[in-house]
Each structure stands twice: as structure tokens, then as C-alpha cells.
Amino acid sequence: MSKKAPPGGEPEAGALFRVESSRAASADPAVARKRRPLTEPPPLDRHGPARVVALCNQKGGVGKTTSAINLGAAMAEVGRRVLLVDFDPQGALSAGLGFQPHQLDRTTYDLLMDRGVAIDDVRLKTQVPGIDLLPSNIDLSAAEIQLVTEVAREQTLARALAPVLPEYDFVLIDCQPSLGLLTVNALTAAHGVIIPLECEYFSLRGVALLIDTIEKVQHRLNPDLKLDGILATMYDGRTLHGREVFSRVLEAFGDTVFDTVISRTVRFPETTVAGEPITSWASSSSGAKAYRDLAREVIARS
Ligand code: ADP
Ligand code: MG
């Protein structure tokens with residue numbers, strides 16, 4: 001949590017990515033980095049109360065939804081009960097689990113806005129054992145505006161989730177790419193935040209603002225909120241560019257960066273089409289292994 005947005009706005013990408021080619025060129029930092037040992041998650045004989053984790057980054061296309069689905073699936077493989085919350089009106093998480101967002105009867109929107117709707121009117125079982133879903137579609141975009149006039153508007157999601165927390169070990173909230181009221185609701189409901197960060201030149205742009213928002217929520221709404229970690233995604237260690245960006249992320253955030261790095265592979269877009277997690281679609285792929293490692297790290301850090 002060391003990066004603050006300077007008064008004039010965000011740090012300029014050029015300054016964050018001052019290229020140090022000679023060192024970065026020499027080795028793959030994702031390989032050279034000393035990993036902390038992974039601990040095997042202990043079996044559970046009972047479940048809950050859930051740790052709520054928001055996957056958050058106001059930049060789109062950085063791997064939030066992919067990470068929510070696949071981290072959730074990897075947690076379920078080790079016996080954790082998981083609720084995935086689609087908190088993006090795009091409905092990509094719901095689609096990624098095989099649901100057609102426009103065909104949904106009741107969604108997270110109804111849960112937030114209609115007192116007569118209970119969580120069981122919205123909650124769906126998925127085809128992945130151990131994973132339930134609160135689905136969303138474009139309706140949710142109206143909540144951003146309608147919530148503004150509600151009393152305790154930032155706590156609306158936390159209130160809605162409270163009754164089911166005893167049933168789950170983890171609730172993963174897939175945030176939309178903005179820092180608006182819905183994301184503030186997710187951060188208010190959460191115990192932890194994971195920031196997926198694409199290993200691309202402009203990826204650090206905006207992270208200072210995101211961390212600033214997290215700190216504001218900590219101070220004003222949710223003092224227990226923790227930054228669980230920064231997840232490097234779409235990493236390509238074969239390119240100098242990828243290695244340089246990852247080195248820079250490590251320099252900026254140190255041990256906050258998860259040891260597990262998600263590589264760029266076409267297997268992920270394939271899973272979106274298939275409507276299932278990579279852990280079942282390509283169970284022995286390196287992408288499935290990476291999310292299994294990440295699940296071990298997240299369970300150990302929680
Ligand atoms: P976000 O939720 O942050 O907008 P997504 O998880 O939807 O990001 O990912 C954006 C796109 O990139 C999707 O098409 C997804 O399939 C693809 N993608 C995600 N992770 C990877 C990866 N590690 N390698 C290659 N493509 C990826
Ligand atoms: Mg998404």
C-alpha cells in the first residue's frame with residue numbers, strides 16, 4: 001500500500017517504467033524470483049464463515065473475470081465452498097460459467113435494489129461442484145445510479161451477502177472496470193482485495209488511484225480491508241517487454257505481488273467460449289496449474 005496518487009493525478013507511466021534493459025534482459029524475473037513454499041490447504045470438516053475477496057482493477061481486460069472463475073474453481077478443487085459474485089453489468093463471469101446473461105430471470109441487481117428479493121431467488125448452482133453464482137447482466141448498470149439515493153448505499157452488497165457467509169469458505173467478487181459506487185460496495189463488503197495486473201506497458205497506470213480508493217474505503221467504511229495481493233497476469237517471459245514490466249511491478253510492490261504469475265495463453269480465451277473453468281477444460285495445462293498455485297497462496301494468506 002505504498003503507492004499514493006500524487007496531488008497532480010496519477011504517476012506517469014514513463015516514470016514507472018524507466019527501462020533498465022541490461023538487468024531485465026538477463027533473466028526471467030518470474031523464474032529467478034525466490035518463491036515462498038506453497039502450503040497444501042488443510043482439509044475442512046465444516047465450512048464458513050467466508051472470507052470475502054474483491055477482484056478489482058478499474059482497467060478492463062486485465063484478467064479479473066478469468067481470475068475469479070479459475071481461482072474459485074481451484075479453491076473448490078481443494079474442498080472450499082465458493083460463491084462467485086458477478087458484479088459487472090457485462091455479465092462476463094456469468095457467461096464464463098455457461099449462463100446467458102440476457103436470459104437471467106433475477107440478478108444481483110434485484111438483490112441490491114428490491115427488498116422483496118432474497119438471495120436464494122438469485123443464487124444459482126453452477127456445473128462446477130462447490131461453486132455457486134450470483135449472476136448479473138446489463139440491469140446492474142442502473143444500480144450504480146439508483147443506489148446513490150439509498151441510505152447506507154455503500155453497504156448494500158455487504159448486507160445482501162451477510163446471510164450466506166456462514167455457508168461458504170470464500171466469496172469472490174468480480175468487479176466492473178470502474179471505481180464507482182458498485183466497486184465501493186464490493187470493497188466495503190470485502191475482507192481482502194486482489195488486484196490483477198496485466199504485464200503490459202500501461203498496466204501500472206491507475207494503480208495508484210485504485211490503491212488510494214482502497215485506502216479511503218479502509219478509513220471511512222471498512223477498517224479491516226486488506227490488500228491480499230497483486231496478481232501479475234498475461235505474462236510473457238519470452239519477450240524483453242514482459243520481463244521488464246514484471247521487474248518493474250516487483251520493484252513497485254515487492255512481496256505484495258503473489259509468487260504465482262499467470263502466463264499469457266490462448267487456453268484462457270478458449271475457456272470463455274467453453275463456459276467452464278480452465279481447471280476442468282484443460283485440467284493439466286500450465287494455466288490450470290497456475291490458478292491451483294494461486295489458490296494455495298490465497299488460502300495461506302487469508
Ligand atoms: P477483465 O475481467 O479484467 O476485463 P478478463 O478476465 O475478461 O479481464 O480477460 C480479458 C480477456 O483476456 C478475455 O478474453 C480473457 O479470455 C483473456 N485472458 C485473460 N487472462 C488471460 C491470459 N492469462 N492469457 C491470455 N488471455 C487471457
Ligand atoms: Mg471482467
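The values are calculated or read from the model by the stated rules, or taken from the named source; none is laboratory data. Just so it is clear, the model here is predicted, and its values are computed rather than measured. Glycine also receives a Cβ, built like all others from the backbone with ideal geometry; neighbour counts cover every protein chain displayed. All accessible areas refer to the heavy atoms of the entire protein, side chains included, with ligands and DNA or RNA removed. Shrake-Rupley method; radii C 1.70, N 1.55, O 1.52, S 1.80 Å.
What to note about this one:
- Of all residues in region 250-279 being of a type in the set (Asp, Glu) and either part of a loop (DSSP other than H, G, I, E, B) or within 19 Å of the chain's Cα centre (by Cα) (or both), the one that is farthest from ligand 2 (Cβ to nearest atom): ASP255
- Sub-6 Å Cβ pairs linking a first residue in region 258-285 that is touching a residue at least 40 places away in the same chain (Cβ under 8 Å) and farther than 18 Å from MET75 by Cβ to a second residue that is among the aliphatic types (A, V, I, L, M) and more than 7 Å from ligand 1 (Cβ to nearest atom), at least 6 apart or interchain, are VAL261/ALA30; VAL261/ALA232, ordered by first then second residue.
- Scanning region 155-212 for residues that are at positive phi and modelled with pLDDT of 95 or more yields a total of 0.
- Residues that are open to solvent by 30 Å² or more (accessible area, probe 1.4 Å) and assigned to a helix (DSSP H, G or I) within region 211-221 comprise ASP212, LYS216, GLN218, HIS219, ARG220, listed in sequence order.
- Filter result for ALA295 (part of a helix (DSSP H, G or I) and over 19 Å from the mean Cα position of the chain (by Cα)): no
- Only listed residue being open to solvent by 40 Å² or more (accessible area, probe 1.4 Å), at pLDDT 95 or above, closer than 29 Å to PRO223 by Cα and basic (Lys, Arg), chosen from ARG81, ARG106, ARG115: ARG81
- All of (1) more than 16 Å from ligand 2 (Cβ to nearest atom); (2) out of contact with any strand residue (DSSP E or B) (no Cβ under 6 Å at 6 or more places or on another chain) hold for GLN90 with one exception: (1).
Conditions (1) touching a Leu at 6+ places or on another chain (Cβ under 9 Å); (2) over 18 Å from LYS64 (Cα atoms); (3) open to solvent by less than 70 Å² (accessible area, probe 1.4 Å), marked per residue:
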{"position": "PRO223", "(1), (2), (3)": "no, yes, no"}
{"position": "ARG238", "(1), (2), (3)": "no, yes, no"}
{"position": "GLU244", "(1), (2), (3)": "no, yes, yes"}
{"position": "LEU250", "(1), (2), (3)": "no, yes, yes"}
{"position": "VAL257", "(1), (2), (3)": "yes, no, yes"}
{"position": "VAL261", "(1), (2), (3)": "yes, no, yes"}
{"position": "GLU276", "(1), (2), (3)": "yes, no, yes"}
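- Region 124-140 - residue that is of a type outside the set (A, V, I, L, M) and within 22 Å of GLN176 (Cβ to Cβ) and, of those, surrounded by the most Cβ atoms within 10 Å (Cβ to Cβ): SER136
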